[in-house]
Every structure is written in structure tokens, then in C-alpha cells.
Amino acid sequence: MFKNIGGVAFGLMLPVLAGFIGMAIGDRPALALGFVGGMMAHSGTSGFLGALVAGFAAGYIILGLRKVCEKLPEALEKIAPVLIYPVVGILIMGLLMLCFNMLADGLRDALDPKMKDM
């Protein structure tokens, strides 16, 4: 029972870490991106390092999207925080973390070939 509770608690550590790093850089829209990136890091092979990368990437993705959305017409600019930031941001974050998890997997296999079967 205690092992199950601890597993759930530590399973939330990486997404929360990535989410709040992203929120510190890119404000509230980056929180969701950080959570998604942290979950992908937790379920993939990149672990803690992947969560750090996801957090920083989430913040800077939102900052980049804000710069791009400044040039939009005013009608579209109003829906950017609700529609454009989450949808486009999560798409970019998903692709980034997919590539980073593959890179981390290859690096782990190169450093310790016995871990390939695990």
C-alpha cells in the first residue's frame, strides 16, 4: 500500500517540475505544455533530464508563440491564449519530447548495451 502511494507521488514529480519551470518562464499557458512534456519524459526514457528540458522548452515555446501571434489580426489575437497556444504548443512539445526520448534511448543503449533488453 505504501509503495503504491509513493509510486503515485513520485510519478507526479516530473510533470509538476516541468510544468512549473515552464510557468516561471512563459506564464500560465506554459503550465499545460510543461505537464505534457513532463508526462512524456516520465513515460519515456529521458526521466529527470527530459523533464528539465521539457520545462524550459515549454516556457520558450510559449514566448515564441506570443511573438508570432502579435502579428495576427485582433479577432484572432483574442483566441490565441485559449486555442492557438495550447494546440500548437502541445504539438511542438510532443514532437520535441518524442525526439528527445529517442535520443536519450539511443544514448542509454550506447553507454550500457546490457540495458537494451530492459
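The values are calculated or read from the model by the stated rules, or taken from the named source; none is laboratory data. Small disclaimer: the values here were computed from a predicted structure and weren't measured. Cβ: placed from backbone, ideal geometry, glycine included. Neighbour counts: every protein chain shown.
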Being in contact with an Asp or Glu (Cβ under 9 Å, 6 or more places away or on another chain) and under 14 Å from residue 15 (Cβ atoms) is true for just one of 59, 34, 38, 44. Which residue is that? 44
Go through (1) on the phi > 0 side of the Ramachandran plot; (2) modelled with pLDDT of 95 or more for residue 61 and report which single condition fails. (1)
Consider only pairs whose beta carbons are under 8 Å apart and that are at least six residues apart or on different chains; among these, list those whose first residue lies in segment 68-81 and is closer than 13 Å to residue 29 by Cβ and whose second residue is small (Gly, Ala, Ser) and in a helix (DSSP H, G or I). 69/80
Does segment 50-78 hold any residues that are more than 17 Å from residue 91 (Cβ to Cβ) and exposed (fewer than 14 other Cβ atoms within 10 Å of the Cβ), and which are they? 67, 70, 71, 72, 73, 74, 75, 76, 77, 78
Can you confirm whether residue 26 is surrounded by fewer than 22 Cβ atoms within 10 Å (Cβ to Cβ), small (Gly, Ala, Ser) and over 9 Å from the mean Cα position of the chain (by Cα)? no
Do you know which of the residues in segment 88-115 that are surrounded by 10 or more Cβ atoms within 10 Å (Cβ to Cβ) and either within 15 Å of residue 31 (Cα to Cα) or of a type in the set (Lys, Arg) (or both) is nearest to the chain's Cα centre (by Cα)? 93
Only one residue in 60, 85 is among the aromatic types (Phe, Trp, Tyr), in contact with a helix residue (DSSP H, G or I) (Cβ under 6 Å, 6 or more places away or on another chain) and part of a helix (DSSP H, G or I). Which one? 85
Filter segment 30-49 down to residues that are part of a helix (DSSP H, G or I) and buried (at least 24 other Cβ atoms within 10 Å of the Cβ) and give me whichever is nearest to the chain's Cα centre (by Cα). 37
